[in-house]
Amino acid sequence: MSLRGKDFRCELDPELHERLRVMAEFHDKDLAQFGSGLLEKAICGEWHEFSILMERAERCGIVRKAAENGGMPRNEGK
């Protein structure tokens, strides 16, 4: 599957692949195009959860902001 010039390949369980094929066919879309759209939705949802988690961790002092640490991972900036 090619996403805006970047290549990403994954393996799907045969049952999930069949479900994807049926949904793509129903929506009259190419399998790769439909799968790409679903992947983008999943990444956006996961990114939202991740960003909230990181904000909470920063507020608790568990994780420092990259700017405060010179862009280095937490343990390497010291």
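The values are calculated or read from the model by the stated rules, or taken from the named source; none is laboratory data. The model shown is predicted, which means the values in this text are computed figures rather than measured ones. FYI the Cβ positions are ideal-geometry reconstructions off the backbone, even for glycines, and counts take in every protein chain you see.
For residues that are assigned to a loop (DSSP other than H, G, I, E, B), at pLDDT 90 or above and among the hydrophobic types (A, V, I, L, M, F, W, C), tally how many sit in region 18-72.
Quick first cut of region 18-72, residues assigned to a loop (DSSP other than H, G, I, E, B) only: 27-30, 60-65, 70-72.
Checking the rest, the ones that are also at pLDDT 90 or above come to 27-30.
Retained after the next criterion (residues that are among the hydrophobic types (A, V, I, L, M, F, W, C)): none.
Summing the residues that are assigned to a loop (DSSP other than H, G, I, E, B), at pLDDT 90 or above and among the hydrophobic types (A, V, I, L, M, F, W, C) in region 18-72 gives 0.
Name the single residue, out of those in region 37-65 being touching a Leu at 6+ places or on another chain (Cβ under 9 Å) and either aliphatic (A, V, I, L, M) or farther than 17 Å from F8 by Cα (or both), that is surrounded by the fewest Cβ atoms within 10 Å (Cβ to Cβ).
Across region 37-65, the extreme among qualifying residues is L38.
The conditions are (1) outside any helix (DSSP H, G or I); (2) loosely packed, with under 10 Cβ neighbours inside 10 Å, and E15 fails exactly one of them. Which is it?
(1)
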